[in-house]
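A.B. asks: Mind looking over this structure? Questions follow.
The values are calculated or read from the model by the stated rules, or taken from the named source; none is laboratory data. The structure presented is a predicted model; accordingly, all values stated were derived computationally and were not measured. Here the Cβ positions follow ideal geometry from the backbone for every residue, glycine too, while neighbour counts run over all protein chains shown.
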Amino acid sequence: MSNNELMDGELEKIEIALLLEGIYRRYGYDFRNYSYASIRRRIWHRIHLEGAANVSSLQERVMHDFEAFQRLLNDLVIPVTEMFRDPEMYLALRRDVLPALRMLPYIRIWHAGCSTGEEAYSMSILLHEEGLLEKSRIYATDINEAALKRANERTIPIDRMKLYTKNYQAAGGQHTFSDYYVSDHGIVMLKPFLSRNIVFARHNLVTDRSFNEFHVIMCRNVMIYFNNELREQVHQLFYDSLSPKGYLILGGKESLSFTPMADRYETLNDQHRIFRKAR
Ligand SMILES: C[S@@+](CC[C@H](N)C(=O)[O-])C[C@H]1O[C@@H](n2cnc3c(N)ncnc32)[C@H](O)[C@@H]1O
């Protein structure tokens, strides 16, 4: 690597740090401890789409133009999700977690980083089929307000129906998926009873605190975008927010290993990343 290339890499790091600092101070979104490689990729994606020359010129635009900021924000938050994503994990939930929840007089569940709500609605269906929905309260949170608005609307893009039906069946669905939605003029809407026990709210895992005590916390495919320091901070938040013997469920590529929390949980299902607070 030449001296110039080395300097370009260093310069880019400085520019990205300044951009993220600017976003934090101007708009309150804190991406400073997200994984650098992922953030860098997304920033460059936006630079190309905006026809900007480099990180600094994107920064100039984002600081002065709220709509440009929103476009970048949309790239940084990655709202990808689906209903019954990783269906076997829901089978494991039915088998390994719900029987213990059945004993409780009241069940509180937190979906942290719920995006457009598909994960929370999947949980709602699962609880309904297990006869537990009426005594459950699902808190589904995200930093992305546009995603939360979509979540509240209960609509499903029609081109997702085939996949969701297949996922529902593979997740051990006891009815037919079509029992849970109505379809009218090409618009598919989940039935209202599925959202009755869900509260969608804005919550930032980086800057906001715990807001309740939960029996289950599901945070899937969110912390993969964080660096180690931020991951540790958020794990502390989850630990503090879980009731004794509460369940923590992470995404398939996420782990508790090598975090200070590793020995505070027992692994209930390694494949599906289901952990139980041990102390
Ligand atoms: C890839 S989606 C995962 C959605 C869902 N959990 C799933 O696995 O299908 C990641 C979500 O995390 C949210 N997110 C990212 N940073 C966050 C933060 N600091 N606080 C809360 N949510 C955040 C994003 O807005 C996005 O909706």
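A.B. asks: Name the residue that is nearest to the ligand (Cβ to nearest atom), counting only residues in the range 126-145 that are under 22 Å from the mean Cα position of the chain (by Cα) and among the aliphatic types (A, V, I, L, M).
C.D. replies: If we take residues in the range 126-145 being under 22 Å from the mean Cα position of the chain (by Cα) and among the aliphatic types (A, V, I, L, M), then Ile143 is nearest to the ligand (Cβ to nearest atom).
A.B. asks: Read through the list (1) more than 21 Å from the chain's Cα centre (by Cα); (2) of a type in the set (Gly, Ala, Ser); (3) within 16 Å of Pro79 (Cβ to Cβ), then give the number of the only condition that Ala120 fails.
C.D. replies: Exception for Ala120: condition (1).
A.B. asks: Taking into account only those residues within the range 188-208 that are surrounded by fewer than 18 Cβ atoms within 10 Å (Cβ to Cβ) and within 25 Å of Lys135 (Cα to Cα), which is nearest to the ligand (Cβ to nearest atom)?
C.D. replies: Arg202
A.B. asks: Can you tell me which residue among Arg46, Arg108, Arg41 is assigned by TED's automatic domain parsing to the domain that holds Asp159 and of a type in the set (Lys, Arg)? So that I can check it myself, show each step before the final result.
C.D. replies: On the way: Arg46 fails: assigned by TED's automatic domain parsing to the domain that holds Asp159; Arg41 fails: assigned by TED's automatic domain parsing to the domain that holds Asp159.
The unique qualifying residue is Arg108.
A.B. asks: Among the residues that make up the range 168-182, is at least one of them farther than 22 Å from Leu237 by Cβ, among the acidic types (Asp, Glu) and within 16 Å of the ligand (Cβ to nearest atom)? Quick ask: steps written out before the conclusion?
C.D. replies: Just the residues of the range 168-182 that are farther than 22 Å from Leu237 by Cβ, to begin with: 168-182.
If we keep only those that are among the acidic types (Asp, Glu) as well, we get 179.
Going one step further and asking which of them are within 16 Å of the ligand (Cβ to nearest atom), we end up with none.
No - not one qualifying residue is present in the range 168-182.
A.B. asks: If you take just the strands (runs of 3 or more DSSP E) that sit entirely in the range 163-209, which of them hold at least 3 residues that are under 27 Å from Val77 (Cβ atoms)?
C.D. replies: Qualifying strands (runs of 3 or more DSSP E): 187-190, 198-202.
A.B. asks: Let me ask you something else. Given the residues Lys135, Lys149, which is the only one that is surrounded by 14 or more Cβ atoms within 10 Å (Cβ to Cβ) and at pLDDT 95 or above? Reasoning before the result, please.
C.D. replies: On the way: Lys149 fails: surrounded by 14 or more Cβ atoms within 10 Å (Cβ to Cβ).
Sole residue among the options that is surrounded by 14 or more Cβ atoms within 10 Å (Cβ to Cβ) and at pLDDT 95 or above: Lys135.
A.B. asks: Among the listed residues Arg61, Arg85, which satisfies the condition of being near the ligand (Cβ under 9 Å from one of its atoms) and modelled with pLDDT of 95 or more?
C.D. replies: On the way: Arg61 fails: near the ligand (Cβ under 9 Å from one of its atoms).
The match here is Arg85.
A.B. asks: Starting from residues that are touching a strand residue (DSSP E or B) at 6+ places or on another chain (Cβ under 9 Å) and within 14 Å of the ligand (Cβ to nearest atom), keep the ones in the range 209-220 and report whichever is modelled with the lowest pLDDT. Walk me through it before giving the result.
C.D. replies: Of the residues in the range 209-220, the ones touching a strand residue (DSSP E or B) at 6+ places or on another chain (Cβ under 9 Å) are 211-220.
After this cut, where a residue has to be within 14 Å of the ligand (Cβ to nearest atom) as well, the list is 211, 216-220.
Numbers: Phe211: 94, Val216: 98, Ile217: 98, Met218: 98, Cys219: 98, Arg220: 98.
So the residue we want is Phe211.
A.B. asks: Can you find a residue that is in contact with a Ser or Thr (Cβ under 7 Å, 6 or more places away or on another chain), among the aliphatic types (A, V, I, L, M), within 14 Å of the ligand (Cβ to nearest atom) and assigned to a strand (DSSP E or B) anywhere in the range 228-247? Break it down stepwise before answering.
C.D. replies: Initially, the range 228-247 is screened for residues in contact with a Ser or Thr (Cβ under 7 Å, 6 or more places away or on another chain), giving 231-232, 235, 237, 240-241.
So of that shortlist, the ones also among the aliphatic types (A, V, I, L, M) come out as 237.
Within this subset, residues satisfying the condition of being within 14 Å of the ligand (Cβ to nearest atom) are 237.
Now restrict to residues that are assigned to a strand (DSSP E or B): none.
Checking the range 228-247: not a single residue is in contact with a Ser or Thr (Cβ under 7 Å, 6 or more places away or on another chain), among the aliphatic types (A, V, I, L, M), within 14 Å of the ligand (Cβ to nearest atom) and assigned to a strand (DSSP E or B).
A.B. asks: Moving on. List the pairs whose first member sits in the range 242-258 and is under 13 Å from Asn228 (Cβ atoms), whose second member is basic (Lys, Arg), and whose Cβ atoms are under 8 Å apart, counting only residues at least 6 apart or on separate chains?
C.D. replies: Once the first residue is under 13 Å from Asn228 (Cβ atoms) and sits in the range 242-258, its partners that are basic (Lys, Arg) give Glu254/Arg220; Glu254/Arg273; Ser255/Arg273.
A.B. asks: Residues being without any contact (Cβ under 8 Å) to a residue 40 or more places away in the chain and of a type in the set (Lys, Arg): count how many of those fall in the range 204-225.
C.D. replies: Summing the residues that are without any contact (Cβ under 8 Å) to a residue 40 or more places away in the chain and of a type in the set (Lys, Arg) in the range 204-225 gives 1.
A.B. asks: Based on this model, can you work out whether Met223 counts as within 13 Å of the ligand (Cβ to nearest atom), in contact with a helix residue (DSSP H, G or I) (Cβ under 8 Å, 6 or more places away or on another chain) and on the phi < 0 side of the Ramachandran plot?
C.D. replies: Details: within 13 Å of the ligand (Cβ to nearest atom): yes; in contact with a helix residue (DSSP H, G or I) (Cβ under 8 Å, 6 or more places away or on another chain): yes; on the phi < 0 side of the Ramachandran plot: yes.
When the stated conditions are applied, Met223 passes them.
A.B. asks: Against the definition (in contact (Cβ under 8 Å) with a residue 60 or more places away in the chain and either surrounded by fewer than 15 Cβ atoms within 10 Å (Cβ to Cβ) or within 20 Å of Ala37 (Cα to Cα) (or both)), how does Asn228 come out, yes or no? Steps first, answer last, please.
C.D. replies: Working: in contact (Cβ under 8 Å) with a residue 60 or more places away in the chain: no; either surrounded by fewer than 15 Cβ atoms within 10 Å (Cβ to Cβ) or within 20 Å of Ala37 (Cα to Cα) (or both): yes.
Here the answer is no, as Asn228 does not meet what is asked.
A.B. asks: Report, by residue number, each residue of the range 146-157 that is in contact (Cβ under 8 Å) with a residue 60 or more places away in the chain and near the ligand (Cβ under 10 Å from one of its atoms).
C.D. replies: Ala146, Ala147
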